[in-house]
1. Over 18 Å apart: what share of the alpha carbon pairs of the stretch 286-377 falls there, rounded to a whole percent?
2. With a sphere of radius 13 Å drawn around the Cβ of TYR230, what net charge do the other residues whose Cβ falls strictly inside it have (Lys, Arg +1; Asp, Glu -1)?
3. With r defined as the distance between the Cβ atoms of HIS62 and ASP359 and R0 fixed at 41 Å, what FRET efficiency is calculated, to the nearest 0.05?
4. Can you give me the angle between helix 283-299 and the longest principal axis of the chain, using Cα atoms only, in degrees from 0 to 90, rounded to the nearest 10?
5. Give the peptides 215-225, 339-349 in descending order of average Cβ contacts within 10 Å, highest first.
6. In the Gaussian network model of the chain, springs joining C-alpha atoms below 10 Å, which of CYS108, CYS310, CYS360 carries the largest mean-square fluctuation?
7. So which lysines can LYS219 reach, going by Cα to Cα under 24 Å and dropping same-chain residues fewer than 8 places off?
8. For LYS172, list the lysines whose Cα falls under 23 Å from its own Cα; do not include residues on the same chain fewer than 8 positions away.
Amino acid sequence: MINQVVIFAGGKGTRLGIDNAKCLVEVAGEPIINYIIREYLNQNVNKFHFCLGFYADEVIKHLKSLGISFTYSLDPEPCCGTWKALIHALPVLDDEFFVTYGDSVAFCDLELMYWQYVESSQTCMMSVSNYNSPQSNVEIALSINPKIAFDNYILGTKRPNFVEHGVSIFSKKATEKVQLKTPFNFSDYFLTCYFKKVHYANANYYQINTPEDLQQVDKIFTKFKTQSVYNFLDRDGTINKWDRDIYNHMIFKPVEELISLLDDSDCVIVTNQPDKAKMLSSLERINRLTWEARQHLIDSGKNVIFSMSCIHRDCKKQNDGFDDLRFACNCRKPEIGMLEKASKKINISEKSTFYGDLDCDEECAKSFGLNFIKMYN
């Protein structure tokens with residue numbers, strides 16, 4: 001697992017009407033950078049590198065107050081762009097690292113994304129969100145035609161259907177393969193990589209570009225900090241009909257009665273997906289089916305704030321590069337590890353409900369103190 005994240009934190013809050021670093025703008029009572037740092041710490045990424053520019057001294061002072069381990073680099077020139085800032089930082093970076101932005105909180109299942117990146121044999125990977133996601137940086141068009149071997153190719157920006165989600169995996173090798181022209185911003189790099197596969201983030205992200213954005217994000221994160229009711233949803237047998245061959249034909253068939261059972265509470269998908277460890281499917285297909293499940297909920301008017309997948313299974317080692325997934329974990333339902341991790345993002349009320357079709361779902365819900373509704377299909 002990658003242990004380092006690079007955070008672009010050199011911008012200033014001019015458009016927000018704030019005379020300070022943008023990453024220090026307060027959201028629900030604390031700087032937005034705090035949420036970003038916690039998101040990575042909670043997923044066992046604990047090495048931070050900050051690319052700094054405007055108000056660097058103020059940012060460094062704040063980071064030191066947090067007691068985290070970090071390094072930083074200063075932009076080589078004002079308004080140099082995030083690509084040049086990254087290249088300038090390369091000497092102190094690991095061979096592989098996550099990349100994100102200091103003005104946005106992008107929920108993402110980092111472990112799943114990392115192993116999908118390994119599976120792809122690429123030198124980088126972009127996460128993407130649905131096209132109607134707010135405050136997007138880069139608009140892209142992806143092929144999602146199942147007939148094309150279930151792959152996802154960046155085709156360019158004509159008729160875009162997805163946007164950059166705000167979390168990427170990058171390597172030093174990737175910097176040796178810049179195509180067409182030198183990028184100005186980091187995300188521009190991916191627009192030249194038409195052959196690259198991507199990771200569906202299957203989660204929301206929250207960026208502050210305008211005062212209106214800030215007001216909305218502040219309201220959302222205030223809710224996250226306040227004890228609130230959520231709907232936790234198993235995937236197979238709950239959102240989509242259980243099908244032993246689903247990863248062969250990749251046809252999503254919804255459980256129609258679910259939508260009528262759900263209230264207006266925000267949703268979280270919590271699913272066991274061991275088929276990569278069991279050598280029965282690819283992580284790419286697992287990730288794609290979760291996108292189908294989440295999209296079905298969104299199309300039905302539900303807000304799915306993030307998704308969590310346990311991709312582990314205690315089974316025989318295969319010496320295929322994925323043996324780190326083959327162990328007895330504490331997140332595979334009925335264990336409550338995924339719910340515990342979710343509780344580090346959101347304050348979960350005991351009045352929340354877990355929807356599932358298996359005994360392991362019910363045991364997980366009851367162990368965590370949630371209501372449970374059994375699904376039959």
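1. On the way: 2414 of 4186 pairs.
Result for the distance tail: 58 percent.
2. Here the charged neighbours net out to 0.
3. Rounded to the nearest 0.05, the efficiency is 0.30.
4. Taking Cα atoms only, the helix is inclined about 80 degrees.
5. Details: 215-225: 15.3, 339-349: 16.9.
Answer by packing, highest mean first, reads 339-349, 215-225.
6. Of CYS108, CYS310, CYS360, the most mobile in the Gaussian network model is CYS360.
7. LYS12, LYS22, LYS302, LYS341, LYS344, LYS345, LYS351
8. In chain and number order, the partners are LYS47, LYS84, LYS181, LYS196, LYS197.
No lab work stands behind these numbers, since they all come straight from the coordinates. For clarity, every value in this text was computed on a predicted model and none was experimentally measured. Using ideal geometry, Cβ is built from the backbone for each residue, glycine included, and neighbour counts are taken over all protein chains shown.
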